Amino acid sequence: MTQSIKATFFWRGMDSDVKRYVQRCHVCATSKTLPQAYGQIPEKTVEVRPWNEIAVDSIGPLQGRWRAVSIMDTSTRLLELAAQHDPSSAEAARIVDQVWFNRYPRPKRCIYDGGSEFKLDLQELLEMHRCINEKLRTEKISSKEDWENCLSSVAYALRASHHTMMGCSPAQAAFGRDMLFDVPHAVDWEAQKERKEAQVAKATARENAGRNTHEYAPGDMVMVANNDPRRAKLAPTYTGPYEVDAVRSNGTVVVKKQRYLETLHMRRLRPVTPEMGASVVK
């Protein structure tokens with residue numbers, strides 16, 4: 001911007017004036033994407049007890065119409081897939097209740113994208129979503145029955161497939177038996193914990209290497225990334241600013257949004273620095 005203005009105008013102190021103007025620009029704060037993220041991500045608590053925690057995510061719409069809900073036990077990696085008739089939260093709750101709660105031991109915790117956003121477990125769900133996309137390329141899905149058959153085939157393949165980190169398949173870890181052959185399988189859960197802790201530490205260190213060191217505190221002002229997939233392409237990439245109400249030890253921050261509080265992971269936040277000026281804080 002400075003060079004563009006210099007082509008026609010110039011005044012003493014122009015560089016600092018332009019920099020100050022941009023730092024205080026609310027449109028710039030909501031529209032520009034920063035090259036580095038702020039805040040060091042804490043390591044996720046490793047869960048190795050089967051049936052204690054599940055990760056839930058949504059799939060679709062694929063081919064413009066097909067939706068599903070994926071549910072995974074984060075310890076054994078056992079997976080369930082169910083067709084979703086509509087994208088409502090009530091439909092998602094019905095699926096989780098019927099497909100998981102009515103079949104398996106009741107978990108103590110449920111993690112989901114948009115909540116605490118435990119990236120390591122959700123990354124596996126995203127990889128599973130890619131498997132479904134690949135299968136869709138090889139099959140023609142023209143009815144609800146075709147879609148349900150596709151989900152069933154993918155779920156079976158993933159349950160029976162060898163998991164590199166665990167050293168066994170999800171079905172072997174969950175049930176102690178092989179899915180393809182009638183043979184027992186013993187799981188060393190202590191070794192599983194050590195492998196998973198090493199994986200979490202490595203993934204966290206790799207992500208934090210690209211993040212700035214920043215400590216959020218109550219009273220800080222932050223911008224929130226607009227991750228709504230339905231937003232227009234030219235819509236602002238950030239909304240806010242909002243005031244921080246509380247900071248949690250698991251990497252989440254509670255922000256005040258008008259009449260309610262919302263818990264967000266720090267991956268979605270960027271601080272409103274004092275240099276941005278009071279004009280940004282609206």
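The values are calculated or read from the model by the stated rules, or taken from the named source; none is laboratory data. None of these values were measured; they are calculated from a predicted model. With ideal geometry, Cβ positions are generated from the backbone for all residues, glycine too; neighbour counts draw on all protein chains shown.
Couple of notes before you dig in:
Every residue, every condition in (1) charged (D, E, K, R); (2) modelled with pLDDT under 90; (3) surrounded by 14 or more Cβ atoms within 10 Å (Cβ to Cβ); (4) farther than 29 Å from Arg20 by Cβ, yes or no:
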position	(1), (2), (3), (4)
Asp178	yes, yes, yes, yes
Lys196	yes, yes, yes, yes
Ala235	no, yes, no, no
Thr263	no, yes, yes, yes
Pro271	no, yes, yes, no
Gly277	no, yes, yes, no
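- Subset of segment 84-99 [more than 21 Å from the chain's Cα centre (by Cα) and surrounded by 15 or more Cβ atoms within 10 Å (Cβ to Cβ)]: Arg94, Val99
- Scanning segment 38-55 for residues that are among the acidic types (Asp, Glu) and assigned to a loop (DSSP other than H, G, I, E, B) yields a count of 2.
- Answer from Glu43, Glu53 - the residue that is out of contact with any helix residue (DSSP H, G or I) (no Cβ under 7 Å at 6 or more places or on another chain) and surrounded by fewer than 21 Cβ atoms within 10 Å (Cβ to Cβ): Glu53
- Restricting segment 206-233 to residues that are in a strand (DSSP E or B) and more than 19 Å from the chain's Cα centre (by Cα) leaves a set whose member that is modelled with the lowest pLDDT is Asn212.
- Qualifying residue in segment 79-100 (condition: under 22 Å from Arg159 (Cβ atoms) and basic (Lys, Arg)): no
- Among (1) part of a loop (DSSP other than H, G, I, E, B); (2) in contact with a helix residue (DSSP H, G or I) (Cβ under 6 Å, 6 or more places away or on another chain) - the single one Ala203 does not satisfy: (1)
A quick yes/no check of all residues on (1) in the same structural domain as Cys150 (by TED's automatic domain parsing); (2) out of contact with any helix residue (DSSP H, G or I) (no Cβ under 8 Å at 6 or more places or on another chain):
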| residue | (1), (2) |
| --- | --- |
| Val48 | no, no |
| Arg65 | yes, yes |
| Thr74 | yes, no |
| Leu79 | yes, no |
